[in-house]
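What follows is calculated from the coordinates using simple rules that are stated; it is not laboratory data. These figures come from a predicted structure and were not determined experimentally. Glycine also receives a Cβ, built like all others from the backbone with ideal geometry; neighbour counts cover every protein chain displayed.
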Amino acid sequence: MSESKTYRTFNEFYSFYLSEHANTVSRRLHFIGTSIVVFLVVTAFVMHIYWLIAVAFVQAYAFAWIGHFFFEHNKPATFNYPLFSLLGDWRMWWEVLTGKVRL
């Protein structure tokens, strides 16, 4: 990872983001974690159990960071690019759902 690189647009960042998620297990963990976020947030609003939203984000980062630390062996992009990283996760999740990114 190039610590000195500054990404000015999300499109510039996204190719870097995908390169930081080259490991299949890591991508699967990200996908599972983000899918659980969707389920928990929807459940929180439907059931009016709003503390589930906090649980959703904690578990999402847990899944993602396990992927980075144990499978990718890199530092999560969240530390340097929090907004772009969040957007990247959702875009990658969508691209997995639509078949553009493979698990």
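A few comments on the model shown:
- Calculated from backbone phi, Karplus (6.51, -1.76, 1.60) coupling profile of segment 43-59 in Hz, x at Gly/Pro: 4, 4, 6, 5, 9, 6, 10, 6, 5, 4, 5, 5, 4, 4, 6, 5, 5
- Mean Cβ count within 10 Å, highest first, over the residues of peptides 31-40, 7-16: 31-40, 7-16
- In the chain, the calculated helix contribution to ellipticity at 222 nm averages -21500 deg cm²/dmol per residue, counting -39,500 (n - 2.57) for every DSSP H run with n ≥ 4.
- Computed from phi, the 3J(HN,Hα) profile of segment 68-75 under the Karplus parametrisation 6.51, -1.76, 1.60 (θ = phi - 60°) reads 6, 6, 9, 10, 7, 6, 9, 8 Hz, with x in place of Gly and Pro.
- 14 Å tail of the calculated P(r), segment 44-103, as % of Cα pairs: 69 percent
- Net lengthening on full extension, Lys5/Leu103 (0.36 nm per residue, minus Cα-Cα): 32.5 nm
- At R0 = 30 Å, FRET efficiency that the Cβ-Cβ distance of Ser15 and Val55 yields, to 0.05: 0.40
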